[in-house]
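A.B. asks: One structure, as structure tokens, below. Some questions next.
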Amino acid sequence: MKAPPGRPVDEKRVGELAESFARVGQLQPIDVVKTPKGLFIRYGLHRWLAARKIGWSEIEGVIGKPERHEINEEKIVSENLIRRHMTAVERSDEIARLVKIRAVKIRENEAPGAGVGVPEKPNEIPRGTPVPPGGAGPGNRFKPTPESRAIRDVAAEKNLPEATVKKAVH
């Protein structure tokens with residue numbers, strides 16, 4: 001079984017999980033995907049490492065369907081924000097990573113030239129958004145950038161103030 005490349009391992013968390021596994025057993029299965037090179041851990045790296053640490057040769061798991069990498073990465077980041085114990089800096093980094101993923105998806109889903117038009121709500125143009133040639137008068141309004149839309153979406157989804165998400169990104 002292989003772990004996600006570049007994924008940081010929190011040894012303290014592994015130790016805590018190992019102690020929990022020894023006391024009460026595994027409460028939640030890991031999620032793996034089958035690839036030509038074998039099984040790949042999608043969710044549950046720390047649980048898998050904890051099981052190995054206490055000498056378990058098997059662990060409960062679910063084999064999921066392979067997904068596009070971007071979708072998988074978004075799910076991993078969202079799950080980390082919910083489940084992992086993080087420092088403020090780690091949490092900020094994960095929020096920034098999620099905004100970046102979402103902004104790319106928004107950009108990919110827009111038609112060419114879709115960035116200019118009437119905003120979804122009046123006065124929704126975020127501060128710092130560049131003014132188009134000719135000014136930002138009534139006939140020349142424009143939509144927020146994919147990044148600012150992603151910031152708004154992540155803030156709403158995670159129930160965070162937009163200012164907090166903006167600080168994480170910048």
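The values are calculated or read from the model by the stated rules, or taken from the named source; none is laboratory data. For clarity, every value in this text was computed on a predicted model and none was experimentally measured. Cβ coordinates were reconstructed from backbone atoms using ideal geometry, including for glycine residues, and neighbour counts include every protein chain displayed. These accessible areas exclude ligands, DNA and RNA; they are computed on the full protein's heavy atoms, side chains included. Shrake-Rupley method; radii C 1.70, N 1.55, O 1.52, S 1.80 Å.
A.B. asks: Quote to one decimal, in nm, the extra length available between ASN159 and PHE40 on full extension: 0.36 nm per residue of separation minus the C-alpha distance between them.
C.D. replies: 39.7 nm
A.B. asks: Would you mind computing, in nm to one decimal, how far apart the modelled labels at GLU11 and GLU90 are, each placed 7 Å from Cα along Cα→Cβ?
C.D. replies: 1.4 nm
A.B. asks: Of the peptides 16-29, 45-58, 144-157, how do they stack up when ordered by the mean number of other Cβ atoms within 10 Å, highest first?
C.D. replies: 144-157, 45-58, 16-29
A.B. asks: By the scheme Lys and Arg +1, Asp and Glu -1, what is the net charge of all other residues having a beta-carbon under 10 Å from that of VAL169?
C.D. replies: +3
A.B. asks: For the stretch 20-68, what % of the accessible area comes from carbon and sulfur atoms, probe 1.4 Å?
C.D. replies: In the stretch 20-68, the share of accessible area belonging to carbon and sulfur is 55 percent.
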